[in-house]
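See below for the structure under consideration.
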Amino acid sequence: MFAYNSKFPRRFLRFFLTITVLIAGSTVVGCHTRGPATIAVIPRTSGTFLWEPMHVGAEIAAQNAGLNVYWNAPTREDDIQGQIALLEKVVSRGYKGLVLAPDHTLALITPVRLALSQGLPTVIVGSSLPIPAGGKLSYILNDDEEAGRMAAKCVAEILHNKGSVVILGIDPDIAGIMIRARSLEKTLQNYPSIRIVDKRIGAFNTPYDQQIAEECLRQHPQVTAIIALTSTSTRGSSIAISHAEHRIHLVGFDDLDDLRPLRDDRVDAIITQNSREMGFQAVTRLAAQLQGKVVPGETKIPPVLLTNKNLDSPQTQRLLSNTWRSLQ
């Protein structure tokens, strides 16, 4: 309690009390002010042409639903601890929903279960986790089975159904990549004159993946095509085949940051996830959950095949757009 001192001028006392009341009042109002709910969207990495379009889709859906989006991600796809730390921050800060593209199949299980235990509606995008859909958990997945089939049919057409291929960028830690690898191999069985002569694990590290590609080409000089299952294995393979003595075809995945090799026909095709559509559908689904609606447990989004023939089409340009401030 403030004790009045007769030596303290009354006009200063009135000023002090007025300011005190105003501050207290504004604090009370601030505590009870309710704005749009904020949801968190955490892709596998930031600043890439694969995942930034997801931001566009998420923002469009958030605008439609009257939501705010907190967007953040690790700067590398192999920064698993960084993604876990972001997820834990989201859980502790009271966001109303979560969209996550996991960097690792097993390491993200516990953090996601923690989010669900706190009642946080969660949509996993891109690649699945070994947690069944239901309750507050659902999936918007890239159709990696179709992606594997697409890659096999593409390389078969390029090689006229005959040749030797290597498969690079296999990653046992990401379920979607393993699904596309199995689907690829299964579909290639339909082309008995195409042989898989080597398979290698990748590391989400371009120099390392380049080294692996160069090593494969030295060991298997008869190789006529590479199928690279990740963005970094595609990039590394593209560099490696540029030094080869004969033409080696390349069908890659998800490497959208430098499309010059595709435009110049040094890369035959790139199969990519439609991350923009996944972001849009994931946030739309979260908005429905926040309204108490029942949502599907799983939805698969078809992958997209890019070649130098369709690279400049309006559909492709829309897919690759990462300018989320001009939402169209």
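Overview of values
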| item | result |
| --- | --- |
| Contour minus Cα-Cα distance for Asn190 and Arg266 (0.36 nm per residue) | 24.7 nm |
| Cα Rg over Rh - segment 34-135, Kirkwood | 0.94 |
| Spatial separation of Cα centroids for segment 144-179 and segment 208-260, in angstrom | 13 Å |
| Mean accessible surface per residue for segment 174-261, computed with a 1.4 Å probe while every protein chain stays in place, in Å² | 45 Å² |
| Convex hull volume per residue for segment 50-105, taking Cα atoms only, in Å³ | 86 Å³ |
| With every protein chain in place, segment 268-328: carbon and sulfur % of accessible area (1.4 Å) | 51 percent |
| Percentage of interatomic Cα-Cα distances in segment 120-204 larger than 14 Å | 67 percent |
| Share of carbon and sulfur in the accessible heavy-atom surface of segment 94-140 [1.4 Å probe, %] | 58 percent |
| Rg/Rh for the chain, where both radii come from Cα atoms and Rh is the Kirkwood radius | 1.17 |
| Across Lys186/Lys300; Lys162/Lys186; Lys89/Lys293; Lys153/Lys199; Lys162/Lys300, pairs whose alpha-carbon gap is larger than 25 Å | Lys89/Lys293; Lys162/Lys300 |
| MRE, 222 nm, helices only [DSSP H, n ≥ 4, -39500 (n - 2.57), over the chain, to nearest 500] | -13500 deg cm²/dmol |
| Normalised alpha carbon radius of gyration of segment 236-289 [divisor 2.2 N^0.38 Å] | 1.65 |
| Directionally averaged projected area (convex hull, Cα atoms, segment 132-273), nm² | 8.8 nm² |
| Cα-centre dipole for segment 42-117 with unit charges at Cβ (Lys and Arg positive, Asp and Glu negative), debye to 20 | 300 debye |
| Antiparallel bridges, percent of DSSP beta bridges restricted to the chain (to nearest 5) | 10 percent |
| Exposure rule at most 12 other beta-carbon atoms within 10 Å, DSSP loop trypsin sites (Lys or Arg not before Pro): the chain longest free segment | 163-246 |
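The values are calculated or read from the model by the stated rules, or taken from the named source; none is laboratory data. What you see is a predicted model; the values in this text were computed from it and never measured. For neighbour counting, all protein chains shown are included, and Cβ atoms are generated from backbone atoms with ideal geometry for every residue, glycine included. Keep in mind that these areas ignore ligands, DNA and RNA; they rest on the heavy atoms of the full protein, side chains included. Shrake-Rupley method; radii C 1.70, N 1.55, O 1.52, S 1.80 Å.
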